[in-house]
Amino acid sequence: MKNFRKFAKHVAIAIVGIAALSMTACSDDVDESNLYTFTGNMITGYLAKSDSFQLYSYCLKKVYLSNKSKSTFSDLLSTRGNYTVFAPTDEAMHYLIDSIYNQKDYPIEQVEDSIVEKIVRCGIIDNGDNNAYRIEDLNEGSIPITNADDRYLTIRFDTLAGGTVAKINNDAIVISKNREMENGYIHAVDRVVMLSNAYISSMIDEAPNLRIFSMLLKETGWADSLNFYRDEVYEQQEHPEYTGEPNWDDRTPQHRYFGYTVLVETDSIFHEKWGIDMPVMEQGVIVNEATIRQQLKEKCRQAYPLATAENLTDPDNAENQFVAYHLLEYRIPFNWLVVHRTEYGYSYKNPTRLSINCDNYWETMSHRHRRMIKMTEGPLTDGVRINRYYKYDPDTYDETDVIIPGIGITSINGDYDNNALNGFYYPIDDILVYSDDVPGKVLNQRIRMDLSTYYPELINNNIFITDHNGHYMPHGYLKYVTINAEASDYHYLTGYNCGWNDMYCDEHNITGAYDFTLRIPPVPFEGTWEVRLVYSYSSNRGMAQLYFGTNKSNLQAYGLPLDQRVQVTNPNIGWALYEDEDPELNRARDKDMRNKGYMMGCHHEGPSTGGIVSTTLYNVTSEHRLRKIFYTGNLKPDETYYIRFKSILSNTATMFVLDYIEFAPKSVYAGDTAEDRW
């Protein structure tokens, strides 16, 4: 990092305020039964014996796992496990510490505890039951598992002195990789792996190539909406492990973090695409700011002609709507912008080989106008694309015609940090606006949203697709779910090593005498839509009356109760095995199911435990996934709709299961051609 001394000073100040917070990341002492008795090198032992890591080894002995623990990280790294450690050399430690205190060879014993703690927590990843990471195991972008400070590290590969080197957080070069220990891998780095404690709005403000976007962010008031990190009310409460049904091995979240992702145009993109003058700086001040403001006002009002309010903080102001469409209320690692997990022909154990296009839909932030953004990645997209509009072969799902290529996203901002305490920002290569083409073309299609990427809390708190299957969601934890009955227990199951027939292998199970209400995502335009709920049938499932409407406290019963115990082959549903040799018969069966309010699972996804997906949810012969056509009628984009699920069974040992939610406009389900099975 070019501006390292400024960064080090920033860390020294901000770290003091955050240290007390991060100390609650772990809650248990080291289990002494996990201590090895043989002579193989453990991470702690190796570091302590090496002449290159004496300062780092000292720090490991000083930092406790939590404010409730008597065990240190040195104790932890002496035990069985799978740990990935980016260990700074003594030279790297001096580089950081001497920069902070502006004194050569500053004594390690005099460094504040808060700084020592940050040094330790930032560079350690607990891989749980999975193998620790070798450098070759990692793809460019965010490392999938958070570090001991509940933060994501990033990795990039650069060419240096004729060879390829790995950089952690764009700064620390791995100078010796894959030192294999009995309990993981050590990667020696030439700089301390250190993460900024700046909030995302401040980090954007500090980037010298983002002055125009930062100006807009502050003037519209949106910068203030990005300054949340953690729910401190939740932090003060006790969160014991789940003790309900004995068959559930659920973890309870110990924190409730907030997070954000910001898509940003650089100054040069504003200049190239919109003709905005480049900022002219004198003594830290933009001297041509008034001209830039007027240019932005004209361009934003051309892009949003109906947004005529003059006040920049008004949701009906053009600049305000422009900025809002760049903001997501999720801390999304780059490799989760589009989730690849169970699509047909794909293996998540070989993540670089993409098979078919995947679309992820995210709701952007807004105080009034609810809008969606689509992100696409596939074998021909050249990375992640925003609002790509393409046609595909209904038999193979291969792209056949790209009408709108979409806007490209990059994972880094050159030499400038984009990994903030509460989120990420990603530069984009064109101007992002919610033009008429977005609802009219890009989003005028079937929209499939997994609940797991719809709930911000699962993304922001590192719960989504973790290496532990069961997670108990306390009442009030999920902002889009209201639990109406105390006896309702909400479980998120990641499907870890299960190979379940779900969109991402995961599912949402609600148990007990359940009664809960779900706020659903918005549709992109007013019209007639089908709303479909996706679930699996089983004898231990439940039966619920569903309610629907816009008045959350007074929803109206809609349709007959949904009984998830009914077998898919029941005549009231009519599922039948897909026959490759008789497409006419298949179409007739699909039509018959639709007439009864059901659809087969989609062809896009299939069951997987990491191997290539070769069977689809459309045709699985066990644990069938059904799409229940729950609602057909008029929906409006700026209305907020809710679905209530209320058990009507006296048996409280049943469960209600949800996987994803799907929206289809009339042009799709009743268009000139039949809706494809994908």
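Of all residues in region 367-376, those being open to solvent by 40 Å² or more (accessible area, probe 1.4 Å) and either within 18 Å of residue 453 (Cα to Cα) or not in a loop (DSSP other than H, G, I, E, B) (or both) number 1. Looking only at residues in region 477-531 that are within 29 Å of residue 445 (Cβ to Cβ) and of a type in the set (S, T, N, Q), the one that is modelled with the lowest pLDDT is 501.
Scanning region 408-418 for residues that are without any contact (Cβ under 8 Å) to a residue 60 or more places away in the chain and open to solvent by less than 30 Å² (accessible area, probe 1.4 Å) yields a single hit, 408.
Got a number for residues in region 316-356 being of a type in the set (S, T, N, Q), touching a Phe, Trp or Tyr at 6+ places or on another chain (Cβ under 7 Å) and in a loop (DSSP other than H, G, I, E, B)? Adding up the residues that qualify gives 2. Test residue 231 against the criterion of being farther than 28 Å from residue 409 by Cβ and at pLDDT 95 or above, and give yes or no. Criteria met by residue 231. Those helices (runs of 4 or more DSSP H) of region 1-93 in which 3 or more residues are modelled with pLDDT under 95 and farther than 27 Å from residue 179 by Cβ occupy 4-22. Restricting to region 520-572, name every residue that is of a type in the set (S, T, N, Q) and either under 20 Å from residue 666 (Cα atoms) or part of a strand (DSSP E or B) (or both). Those that are of a type in the set (S, T, N, Q) and either under 20 Å from residue 666 (Cα atoms) or part of a strand (DSSP E or B) (or both): 528, 536, 545, 556.
Filtered by the rule that a residue be closer than 23 Å to residue 427 by Cβ, assigned to a loop (DSSP other than H, G, I, E, B) and without any contact (Cβ under 8 Å) to a residue 40 or more places away in the chain, region 379-397 gives 380, 381, 382, 383. Within region 244-277, the set of residues being over 23 Å from residue 200 (Cα atoms) and touching a helix residue (DSSP H, G or I) at 6+ places or on another chain (Cβ under 6 Å) comprises 274, 276, 277. Take the conditions (1) open to solvent by 70 Å² or more (accessible area, probe 1.4 Å); (2) part of a loop (DSSP other than H, G, I, E, B); (3) out of contact with any strand residue (DSSP E or B) (no Cβ under 7 Å at 6 or more places or on another chain); (4) over 23 Å from residue 437 (Cα atoms); residue 294 misses just one of them, which is (2).
Among the residues of region 483-529, the ones that are within 22 Å of residue 374 (Cβ to Cβ) and among the polar types (S, T, N, Q) come to 1 in all. Please tell me if residue 435 is touching a residue at least 60 places away in the same chain (Cβ under 8 Å) and open to solvent by 30 Å² or more (accessible area, probe 1.4 Å). Yes; evaluated as a whole, the condition is true for this residue. Here region 251-266 is the region considered, the condition is being over 15 Å from residue 331 (Cα atoms) and in a loop (DSSP other than H, G, I, E, B), and the residue that is nearest to the chain's Cα centre (by Cα) is 253. Scanning region 598-620 for residues that are of a type in the set (S, T, N, Q) and over 26 Å from residue 571 (Cβ atoms), we see that the one that is least open to solvent (accessible area, probe 1.4 Å) is 608. Restricting attention to region 479-501 and to residues that are more than 18 Å from the chain's Cα centre (by Cα) and of a type in the set (D, E, K, R), the residue that is surrounded by the fewest Cβ atoms within 10 Å (Cβ to Cβ) turns out to be 486.
Reported count of residues in region 532-547, each being within 24 Å of the chain's Cα centre (by Cα) and either of a type in the set (A, V, I, L, M, F, W, C) or at pLDDT 95 or above (or both), is 3.
Among the residues of region 326-366, those that are in contact with a Lys or Arg (Cβ under 6 Å, 6 or more places away or on another chain) and at pLDDT 95 or above comprise 359, 361, 364. What residue, among those in region 325-338 that are of a type in the set (A, V, I, L, M, F, W, C) and open to solvent by less than 10 Å² (accessible area, probe 1.4 Å), is farthest from the chain's Cα centre (by Cα)? The selected residue is 327. The combined condition, being in a loop (DSSP other than H, G, I, E, B), within 34 Å of the chain's Cα centre (by Cα) and touching a residue at least 40 places away in the same chain (Cβ under 8 Å), is not fulfilled by residue 269. Among the residues here, residue 223 qualifies as open to solvent by less than 60 Å² (accessible area, probe 1.4 Å), closer than 29 Å to residue 457 by Cα and in contact with a helix residue (DSSP H, G or I) (Cβ under 6 Å, 6 or more places away or on another chain).
The values are calculated or read from the model by the stated rules, or taken from the named source; none is laboratory data. Source: prediction; values computed, not measured. Here Cβ is always computed from backbone atoms with ideal geometry, including for glycine, and neighbour counts include all displayed protein chains. For the accessible areas, the whole protein counts, side chains as well, though only heavy atoms, and no ligand, DNA or RNA atoms are used. Shrake-Rupley method; radii C 1.70, N 1.55, O 1.52, S 1.80 Å.
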